Amino acid sequence: MGDADLMAGKSVLVTGSTGGIGKATATGLAALGARVGITGRDQARTEAAAADIRVATGSPAVDAFAADMSAQAGVRHLAAQVADAYPRLDVLVNNVGGFWAHRHVTADGLERTFALNHLAPFLLTGLLLDRLTASAPARIVTVSSGAHAGGRIDFGDLQGERNYSGQRAYSQSKLANVMFTYELARRLDGTGVNATVCHPGVVRTGFGAEDQAAYFAVMIRVARLFMKTPAQGALTPVYLASSSEVEGITGRYYADRKPKTSSHASYDTTAAAQLWQISGGLAGLTATA
Ligand SMILES: NC(=O)c1ccc[n+]([C@@H]2O[C@H](COP(=O)([O-])OP(=O)(O)OC[C@H]3O[C@@H](n4cnc5c(N)ncnc54)[C@H](OP(=O)(O)O)[C@@H]3O)[C@@H](O)[C@H]2O)c1
């Protein structure tokens with residue numbers, strides 16, 4: 001079987017895929033023959049991105065799903081749409097994420113970085129888990145960041161209510177992505193659904209542009225020259241979603257398509273279980289997995 005049909009017959013959902021790493025990941029997987037669902041907040045923008053991917057890959061099997069994933073109602077609506085459209089789901093790529101210099105509150109009254117970067121993938125995965133399990137062998141790939149290494153789960157102030165910093169909220173959420181994946185892998189042991197997490201590299205995208213600190217805007221303008229392209233940033237998520245080399249691999253962190261050690265804090269199983277329990281309560285998903 002050639003690369004063009006490595007993913008033939010498989011259905012994949014990539015969140016946050018109207019641009020950046022998500023769009024490049026969806027393009028890479030569509031080029032491998034998968035039916036690909038992409039997501040964004042705005043229906044027209046998401047349809048336009050799907051049309052771009054169809055043209056770029058020659059694959060007609062690209063579907064657009066619109067939902068604001070910072071709101072739990074949006075995540076639930078997205079899961080329902082996907083469950084309706086895809087009788088099987090072979091791969092879920094939890095890519096959606098963002099960075100905000102200032103504290104914002106979602107429709108559910110939660111801090112937006114925590115809500116979008118951590119709770120949205122937590123809830124979406126929980127809602128689609130039955131479909132993934134029924135499609136096993138299946139994969140859940142979550143896009144974290146090397147920034148997780150500077151993160152700490154502040155159980156006393158998870159929402160940054162007392163003290164918010166964009167960097168701290170972002171690093172905490174990316175550490176939460178790694179801990180979520182490790183805990184998920186433990187809970188899914190024996191189901192044939194594998195969970196991996198990755199750092200895509202530092203990639204030239206629209207990342208952080210919605211609410212940038214002035215110093216960050218200047219830094220980014222210079223740093224952009226040295227960043228990876230979105231297609232390069234997509235190489236590790238596409239690899240984890242599709243390669244036979246990672247068949248059966250679960251509970252591992254990758255960068256540059258290689259398994260790597262994540263931060264010391266990310267392996268704290270007690271904290272991961274605590275984070276899972278709190279997340280389940282906040283997302284109204286106490287009975288998951
Ligand atoms: N760029 C980097 O250097 C880098 C490095 C390490 C890790 N990462 C991680 O890689 C992932 C993707 O980052 P990126 O740089 O590609 O970001 P990006 O260019 O900002 O793209 C973000 C995507 O998420 C969607 N999105 C944003 N807010 C949303 C919401 N509330 N509901 C639904 N969709 C929403 C956007 O779609 P619409 O705007 O159309 O809604 C867009 O498709 C993130 O998890 C990030 O933490 C990035």
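The values are calculated or read from the model by the stated rules, or taken from the named source; none is laboratory data. Only a predicted model underlies this, so the values are computations on that prediction, with no experimental measurement involved. Cβ: placed from backbone, ideal geometry, glycine included. Neighbour counts: every protein chain shown. We work out accessible area using only protein heavy atoms, side chains counted, and drop any ligands, DNA or RNA first. Shrake-Rupley method; radii C 1.70, N 1.55, O 1.52, S 1.80 Å.
For this structure, a couple of remarks:
- Mean separation of Cα contacts under 8 Å (6+ apart) over length of the chain, as relative contact order %: 19
- Around the amide H of Y254, modelled in the peptide plane, lie the amide H atoms of V197, C198, H199, K260, all under 5 Å away and 5 or more residues distant in sequence or on another chain.
- Residues E161, E210 ordered from highest to lowest accessible area at a 1.4 Å probe: E161, E210.
- Using bins of 10 Å that start at zero, the share of Cα-Cα pairs per bin across the chain amounts to 7, 31, 39, 20, 3, 0, in whole %.
- Cα-only radius of gyration and Dmax that characterise region 77-158, units Å: 14.7, 41
- Each of K260, K228 has its accessible area taken with a 1.4 Å probe; listed largest first, they run K260, K228.
- Size of electric dipole in the chain: Cβ of Lys, Arg +1 and of Asp, Glu -1, about Cα centre, debye, nearest 20: 520
- Dipole magnitude of region 1-151, debye to nearest 20 (Cβ charges: Lys/Arg +1, Asp/Glu -1, about Cα centre): 120
- The chain: most fluctuating residue of L158, L132, L116 per GNM, C-alpha cutoff 10 Å: L158
- Evaluating 6.51 cos²θ - 1.76 cosθ + 1.60 at θ = phi - 60° for every residue in region 94-111, the Karplus couplings come out as 7, 10, 4, x, x, 10, 10, 5, 10, 6, 10, 10, 7, 4, 8, x, 10, 5 Hz, glycine and proline recorded as x.
- Rg/Rg_globular for region 216-289, with Rg_globular taken as 2.2 N^0.38 Å and Rg from C-alpha atoms: 1.54
- Modelled FRET efficiency - R0 22 Å, E245 with A136, Cβ distances, 0.05 increments: 0.75
- Full-stretch length increase - S165, A85 - with 0.36 nm per residue and alpha-carbon distance subtracted: 24.9 nm
- For region 1-80: rounded, prolate or oblate by the Cα gyration tensor [a/c cutoff 1.5]: prolate
- Between the residues S70, W276, A223, the greatest Cα displacement towards the positive end of the dipole of the chain, with unit charges on the Cβ of Lys, Arg, Asp and Glu, is found for A223.
- In a fully extended conformation the segment linking Q274 and H77 would gain 68.2 nm over its present Cα-Cα distance, using 0.36 nm per residue.
- Span per principal axis, largest first, for the Cα atoms of region 118-250 (Å): 47, 38, 22
- Along its first, second and third principal axes, ordered by size, region 137-193 spans 42, 21, 14 Å in Cα coordinates.
- When the alpha-carbon atoms of region 163-221 are used, the pair Rg, Dmax equals 15.8, 48 angstrom.
- The rule of thumb for compact globular proteins, 2.2 N^0.38 Å, goes into the C-alpha radius of gyration of region 87-135 1.38 times.
- Amide hydrogen proximity for A34: with H placed 1.01 Å from N in the peptide plane, the residues at 5 or more positions away or on another chain lying under 5 Å are M7.
- HN-Hα J in Hz across region 155-161 - Karplus 6.51, -1.76, 1.60, θ = phi - 60°, x for Gly and Pro: 4, x, 7, 4, 9, x, 6
- Put simply, the amide H of V193, placed in the peptide plane, has neighbours under 5 Å in A138, leaving out anything fewer than 5 places away on its chain.
- Of the residues I249, I153, I38, the one with the largest accessible area comes first in the ranking I249, I153, I38, computed with a 1.4 Å probe on protein heavy atoms.
- When the convex hull of its Cα atoms is projected in every direction, mean area for region 217-257 (nm²): 3.8
- Between V75, V36, V202, the residue with the greatest mean-square fluctuation in the GNM of the chain (Cα pairs under 10 Å linked by springs) is V202.
- In the context of the full set of protein chains, the chain has a per residue accessible area of 42 Å² (1.4 Å probe).
- Comparing Y253, Y86, Y182 in a Gaussian network model of the chain (Cα springs below 10 Å), the most mobile by mean-square fluctuation is Y86.
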